[in-house]
1. For region 143-231, which chymotrypsin sites (Phe, Trp or Tyr not before Pro) pass both filters: DSSP loop (anything but H, G, I, E, B) and at most 12 other C-beta atoms within 10 Å?
2. Would you tally the net charge around G404, using a Cβ to Cβ cut-off of less than 14 Å, leaving G404 out, and scoring K and R as +1, D and E as -1?
3. What is region 176-237 by shape, rounded, prolate or oblate, if you read a ≥ b ≥ c off the alpha carbon gyration tensor as root eigenvalues and call it rounded for a/c under 1.5, prolate for a/b larger than b/c, and oblate otherwise?
4. Grab the beta carbon distance between Y535 and A282, set R0 = 51 Å, and tell me the FRET efficiency rounded to 0.05.
5. For a quick protection proxy, order the peptides 181-188, 443-450, 192-199 by their average other-Cβ count within 10 Å, most packed first.
6. I need V442, V138, V324 ordered by Cβ neighbour count within 10 Å, fewest first.
7. Could you please report the charge total around E450, scoring K, R as +1 and D, E as -1 over all other residues with beta-carbon less than 14 angstrom from its beta-carbon?
8. Could you line up D322, D427, D190 from fewest to most neighbouring Cβ atoms inside 10 Å?
Amino acid sequence: MVVWCPDWSVTAGLLELADGRGEDDPVLDVGAPAVVLANNRVVVCNATARAEGVRRGQRRRDAQARCPEVVLLSANPDRDARWFEPVLTTVEEVRPGVAPLRPGLLALPAPGRYFARGGEGGIGGEEAAAALLAEHLVGAGVWDCRFGAADDLYAAERAARQAAPQGCLVVPAGGSAEFLRGLPVTALADDGPEGAELADLLRRLGLVLLGDFAALSGASVSNRFGAYGVEVWRRVQGEEVVRLASRTPPPELACEISFEPPLDSAEAVTFSVRTTAERFVAGLSERQLVATGVRIEAEFEDGVSARTWLHPRCFTSRDLVDRVHWQLQAGMAGSGLRSRKSTGESITSPVTLVRFLPDTVEPAGAHVDGLWGGGADDQVVRGVARVQAMVGYDAVRVPVRQGGRSAADRQALVPWGERPVGLRPVDRPWPGRIPGPAPSRVFAEALEAEVVDEAGVDVAVTSRGQVTGPPWRFRIGRRWHPVASWAGPWPVDESWWLGAGNGGRAARFQVVGVDGRAWLLCWRSPGSWEVEAAYD
């Protein structure tokens, strides 16, 4: 049996969008017209958007012209897989042995033999199993789910795509090949680019049904339609049967401990969770895993404290116990606390439960020390983590390198212990980037400057990147410095739509004064100078 959730990328995007909304934000209708965009084109659209005339392959502005209220979502395979995991779990509660094919599509051994036939006018078998699964999925928030059952995986998927919402299409035993022959060739478009190309070719050759394609000889298909065409031909002939490869459910790695009676002391809780923390780390070690991100949840009699902790290496049981102690004592701003704990107060309500949940796990081999040691010093790691617990997660930051043109653009600050994401790639050309060596000091706020030529006229840069005169003197603050040597300009014209001071034409110069000090100066249109960095 195959379970198909149509337009899953749209469904996952709407679910994530609704999950991230605050209490004061308007409620998002998960049935609203929405599309998923990639390269400014529609790759997936839901039924509501299709009813307004939106189609796959349309440009974004064409889709918005057809449906101005359409919700625009970006393509994100990780998001689709993450939101499909609860669907797999829901199906596994009814029938183990689920095999995820891709986000929005899963298969499982046909559970019909576990359901007795109903009485007169009743349903049984696969139809009854599909009705039960649909009831569970609708309860989990998945309204559009369709089911198909057949002798092999390929025919079952095609049957699911022909079924009605929350309905099931059962192909009789031994009838998969006959069922496939009755499908139009356009059904191959669901297989991706190869299927769409083959479907278009068959249609232009005058073949309407897959049965017409199956009537061709094997030699002709092999010579004309390639490996994919032969594979489809064999499936329609009933010669190639695709079997099910079910997944092993992920192990339960979370650990928790309950307190009866509840404990009203952070020290007592810290002492009591040591065994649980050791069991949590040991469970990961048995699977050759370590946790670099752990979510700690503490339940009180009048609230909940939840916080995700990160580690630059990996968590030990001692690290977890320390985090529990800090979380309970400090209350930690911005950690997702509710009730009184969100104000940063100490514990004022007894603790009933502490739970460890792995947020990020990695292979243990990637975190072992080298032959001569390595990694951050343990005392430094614990000290910085303690400071982070006191002043806030985002208050402790470390610089990382990224791509950019100016010295300031080539650095970014990320919270300590966090993996940098969303950074600009370093290996791009970045036209207009200043050459090395990099300046040793980059000013948080550029200093005001002035540069003049030998006649005392302000130096500027034309729209063609030419200097109006060689720099003779420059001023930083109130003091003027004679120029010993200079290099440049390196002109750029970027982000002009942001307005003056935020983008537009600019040019950078490397200037050395007679005192031997070197500076990175930047001229910005229409005629201002500033000092961005210094070379020591």
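Just so it is clear, none of the values below were taken in a lab; they were calculated from the coordinates. Note that the structure is a prediction, hence the values are computed from the model and not measured. Please note: Cβ atoms are built from the backbone with ideal geometry, for glycine as well, and neighbour counts cover all protein chains shown.
1. Details: sites: W143, F147, Y154, F179, F213, F225, Y228; in loops: W143.
Within region 143-231, no chymotrypsin sites (Phe, Trp or Tyr not before Pro) qualify (loop, at most 12 other Cβ atoms within 10 Å).
2. Values: positive: R401, R405, R410, R424, R428, R433, R508; negative: D409, D427, E494, E532.
Net of charged neighbours comes to +3.
3. On the way: a/c = 1.27, a/b = 1.00, b/c = 1.26.
Because its axes are fairly even, with a/c under 1.5, region 176-237 counts as rounded.
4. Values: r = 52 Å, r/R0 = 1.03.
So the FRET efficiency works out to roughly 0.45.
5. Values: 181-188: 17.2, 443-450: 13.5, 192-199: 15.5.
Highest mean packing first, the order is 181-188, 192-199, 443-450.
6. Working: V442 18, V138 13, V324 26.
The fewest-first ordering by Cβ neighbours comes to V138, V442, V324.
7. Working: positive: R473, R475, R478, R479, R524; negative: E448, D453, D458, E530.
Taking every Cβ under 14 Å from that of E450, the sum is +1.
8. Values: D322 19, D427 6, D190 14.
Least to most surrounded, the residues fall as D427, D190, D322.
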